[in-house]
1. Quick one: which of 88-97, 34-43 comes out on top by average Cβ neighbours within 10 Å, and what's the full order, highest first?
2. When the Kirkwood radius is taken over all Cα pairs of segment 1-81, what Stokes-Einstein diffusion coefficient follows at 25 °C and 0.890 mPa s, in µm²/s?
3. If one computes the Cα centroid of segment 1-58 and of segment 103-125, what distance in Å separates the two points?
4. Give me the Kirkwood hydrodynamic radius of segment 23-174 in Å, from all C-alpha pairs, to one decimal place?
5. Report P(r) for segment 67-126: all Cα-Cα distances, bin width 5 Å, range 0 to the bin holding the largest distance, values in whole percent.
6. Per residue of the chain, what 222 nm ellipticity follows from adding -39500 (n - 2.57) for every DSSP H run with n ≥ 4, rounded to the nearest 500?
7. Name the most mobile residue of Ser25, Ser164, Ser123, meaning the one with the largest mean-square fluctuation, in a Gaussian network model of the chain with Cα contacts below 10 Å.
Amino acid sequence: MEIKVLPPDHLTWNGRRVRCALGRSGILSDKQEGDGATPAGTFPLRRVLYRADRLPAPQTGLPVQALGPDDGWCDDPADPAYNRLIQRPFAARHEKLWRRDHVYDVIVEIGHNDDPPRPGLGSAVFIHVARPGFDPTEGCVALRIEDLLALLPGCDEATVLAISAGKSTDTPTR
C-alpha cells in the first residue's frame, strides 16, 4: 500500500482522504535536524509504538511495541544513538515519548534517515496524533486518532509513505 501526503493539509490511502498536519516549515527535500520541516520522499513504515495505558494495541501488519515511561528518542546528531529509540535517563539530547498530552499515544516510525542514520539529516520523523486544531508539527505527519487507527490495519512492512513537496488543490473530506 502507498500512503500519500499532499500539501497543504491532507493524506490519502485506498481512496480515503483525511486532514493532516505537517511540519511548521512545510515540506523540504533537504531535511535538516531542527528545521521544523517534513521531509519530501518515499519512506517505509518501520513499526508502531503506542501507550498501552491509554488504548489497546493497534491492529496492523507492522511490528507493534508498547511504550514505557522511560522511552525516548535520541535527536542529538553527535550521539551514536542518533535517530533511535532510547531508554531514559539518557545523557545526550532526546525527546520524551511518554507525554502528558495525547500526541504520542500512537506513533508510526517512518524510515527516514535511519538506514543508517546520518548526523544532522533529521530525526524523530513520525506519523502521530494531531494536536487539537491541527497545529503544525516539528516535521512529522499528524492525523486525528480515529484516522490513524483506521489507516493502520492496511499497513505492513511493504507499506510506504510518499510525501510530495508539490501543492495540491484537492480539498480534504475532514
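1. The peptides rank, most packed first, as 34-43, 88-97.
2. Translational D for this selection: 159 µm²/s.
3. So the separation of the two Cα centres works out to 11 Å.
4. One decimal place: 15.8 Å for the Kirkwood radius.
5. Pairs per bin, as whole percents: 4, 21, 30, 24, 16, 5, 0.
6. Rounded to the nearest 500, the figure is -1000 deg cm²/dmol.
7. Ser25
Just so you know, all these numbers are worked out from the coordinates, no wet-lab data involved. Being a predicted model, the structure only gives us computed values, none of them experimental. For neighbour counting, all protein chains shown are included, and Cβ atoms are generated from backbone atoms with ideal geometry for every residue, glycine included.
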